[in-house]
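Notes follow the structure.
The values are calculated or read from the model by the stated rules, or taken from the named source; none is laboratory data. Quick caveat: nothing in here was measured; it's all calculated off a predicted structure. FYI the Cβ positions are ideal-geometry reconstructions off the backbone, even for glycines, and counts take in every protein chain you see. The accessibility values were calculated without ligands, DNA or RNA, using every heavy atom of the protein model including side chains. Shrake-Rupley method; radii C 1.70, N 1.55, O 1.52, S 1.80 Å.
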Amino acid sequence: MHPVLTTLQQHGFSRPIGSYGLMLTLAVLVGGALFVWRGERMGLESGALISSAAGTLLTGFCGAYLCSTLVLWAQLGSLRTAAGSPGIVFYGGLLGGAAGLAGWARRFDLPVLPTLDAALPALPLAHALGRLGCWLGGCCHGAETALPWGVRYPLEHVARHPWPLYELVLLLGLAGVFWPAR
């Protein structure tokens with residue numbers, strides 16, 4: 001695990017570059033580029049696709065933050081503490097992003113179902129990159145295991161299932177299934 005990939009230092013200023021944040025940024029860029037590329041190949045207008053992608057990013061992160069806040073509120077019993085705790089939850093991002101994409105497609109005069117179809121393979125691919133960030137960051141591990149591919153996470157004394165890597169492989173397969181054979 002490498003939660004911090006490197007640290008930028010300049011003029012006495014030091015800023016760590018986290019692996020999860022970097023992979024999340026890469027996921028957004030790759031997923032967005034794939035969505036626009038596929039949409040253009042389907043004959044959809046590129047400016048409307050880019051605008052829809054930007055709006056979807058906003059609604060997706062809002063949904064992810066809202067879901068995280070609700071989960072933490074239930075766990076901690078305090079909405080104030082939950083709202084002040086940083087975090088995102090994929091399922092909230094999925095719901096917020098899907099609803100947002102449908103709304104933004106309508107707003108920018110894109111046909112909704114073909115627009116969603118253009119986005120479909122980009123979603124599991126971007127999620128796979130995010131899960132790689134989780135693994136590099138050392139979070140979201142599975143149960144203890146004695147299997148040879150078990151991973152010892154930081155501060156852990158036992159090997160655990162590398163659940164983010166299992167999910168990454170499945171997500172890449174899902175992206176391939178959603179890719180049309182045209």
Which members of segment 48-58 meet the condition of being of a type in the set (Gly, Ala, Ser) and surrounded by 14 or more Cβ atoms within 10 Å (Cβ to Cβ)?
Ala48, Ser51, Ser52, Ala53, Gly55
Have a look at Gly18, Gly63, Gly31, Gly92 and point out the one that is under 19 Å from Asp117 (Cα atoms) and among the small types (Gly, Ala, Ser).
Gly31
Pair list, Cβ < 8 Å and 6+ apart or interchain, from segment 36-60 residues that are within 10 Å of Leu101 (Cα to Cα) to residues that are of a type in the set (Gly, Ala, Ser) and open to solvent by 40 Å² or more (accessible area, probe 1.4 Å):
Thr59/Ala99
Positions within segment 6-25 being part of a helix (DSSP H, G or I) and either touching a Phe, Trp or Tyr at 6+ places or on another chain (Cβ under 8 Å) or without any contact (Cβ under 8 Å) to a residue 40 or more places away in the chain (or both), in sequence order:
Thr25
Residue hits (segment 59-80; open to solvent by 70 Å² or more (accessible area, probe 1.4 Å) and closer than 30 Å to Val36 by Cβ) are Phe61, Cys62, Tyr65, Leu66
Name the single residue that is farthest from the chain's Cα centre (by Cα) among those in segment 136-182 being in contact (Cβ under 8 Å) with a residue 24 or more places away in the chain and on the phi > 0 side of the Ramachandran plot.
Gly138
In segment 30-47, the residues that are surrounded by fewer than 18 Cβ atoms within 10 Å (Cβ to Cβ) and touching a helix residue (DSSP H, G or I) at 6+ places or on another chain (Cβ under 9 Å):
Val30, Ala33, Trp37, Glu40, Arg41, Met42, Gly43, Glu45, Ser46
